[in-house]
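The values are calculated or read from the model by the stated rules, or taken from the named source; none is laboratory data. Keep in mind that what you see is a predicted model, and the values were worked out from it rather than measured. In this analysis, Cβ positions are derived from the backbone assuming ideal geometry, glycine residues included, and neighbour counts consider all displayed protein chains. Surface areas here come from the heavy atoms of the whole protein model, side chains and all, with no ligands, DNA or RNA. Shrake-Rupley method; radii C 1.70, N 1.55, O 1.52, S 1.80 Å.
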Amino acid sequence: MFIGELYEVIFSVILFVKTAYWVTLYSLLEFLVFNYMFYKLLKKYKTLYNTFNIVFLGFYITSLFFWNISNHNIIEGYYGAIETVFIVTWAILWFKDLFKKDEVVSLWRMPAFYYVLGTVIYLCGGVIPVLFTGHLFKTTGLWTKYWLVFLVLGTFMRIMMIIGLLKATAKKP
């Protein structure tokens, strides 16, 4: 996130480089990080992890042949939709594995719960606006008004990640 903010300030604000390039790369990095995070939480679905990576990377690389500055919002909407389907699949598997365990543990005490909750709400809440970004911008020109959705969802996800991190590092009584 620090590198992203640094990039935004230097390249977008100071050097006036279009953000489309960064956002396209960010879509790839975001998927790889979330996919790896869920793989580490579950630790046993290596085939699924590799399959998701291959499918997403295949789609990503193929889409770069069709990418241009005027249609990047539409293509990034597809990235968001695919990422959401994959991450929701991971979340379902995480909950399934959690409820198969013999011991009952409060979700509120589990750091991983906050990671899963924040990520799923962030992606599910933003998938519809992301899919319609290109159309919203072309028809209304007011995409900046819809960007507030991502600001709120991103803030929520970061808060959940911080709570999960605090839960993970808290001293156990």
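The table below lists the values:
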{"quantity": "Residue count, region 15-45 (criterion: part of a loop (DSSP other than H, G, I, E, B) and touching a helix residue (DSSP H, G or I) at 6+ places or on another chain (Cβ under 9 Å))", "calculated": "5"}
{"quantity": "Subset tally (residues that are among the polar types (S, T, N, Q) and under 13 Å from Val23 (Cα atoms)) for region 49-80", "calculated": "3"}
{"quantity": "Test: residue in region 21-42 that is loosely packed, with under 14 Cβ neighbours inside 10 Å, farther than 23 Å from Cys124 by Cβ, of a type in the set (Phe, Trp, Tyr) and without any contact (Cβ under 8 Å) to a residue 12 or more places away in the chain", "calculated": "no"}
{"quantity": "In region 64-82, the residues that are more than 26 Å from Ile121 (Cβ to Cβ) and either of a type in the set (Gly, Ala, Ser) or free of Cβ contacts under 8 Å to residues at least 60 places away in the same chain (or both)", "calculated": "Leu64, Phe65, Phe66, Trp67, Asn68, Ile69, Ser70"}
{"quantity": "Residue within region 46-62 that is open to solvent by 80 Å² or more (accessible area, probe 1.4 Å) and in contact with a helix residue (DSSP H, G or I) (Cβ under 9 Å, 6 or more places away or on another chain) present", "calculated": "yes"}
{"quantity": "Hey, Gly125 of a type outside the set (Lys, Arg), within 15 Å of Val23 (Cβ to Cβ) and part of a helix (DSSP H, G or I) or not", "calculated": "no"}
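Yes or no, residue by residue, for (1) part of a helix (DSSP H, G or I); (2) modelled with pLDDT of 90 or more; (3) touching a Cys at 6+ places or on another chain (Cβ under 9 Å); (4) of a type in the set (A, V, I, L, M):
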{"site": "Trp90", "(1), (2), (3), (4)": "yes, yes, no, no"}
{"site": "Lys96", "(1), (2), (3), (4)": "yes, yes, no, no"}
{"site": "Lys138", "(1), (2), (3), (4)": "yes, no, no, no"}
{"site": "Val149", "(1), (2), (3), (4)": "yes, no, no, yes"}
{"site": "Ile159", "(1), (2), (3), (4)": "yes, yes, no, yes"}
{"site": "Gly164", "(1), (2), (3), (4)": "yes, yes, no, no"}
{"site": "Lys167", "(1), (2), (3), (4)": "yes, yes, no, no"}
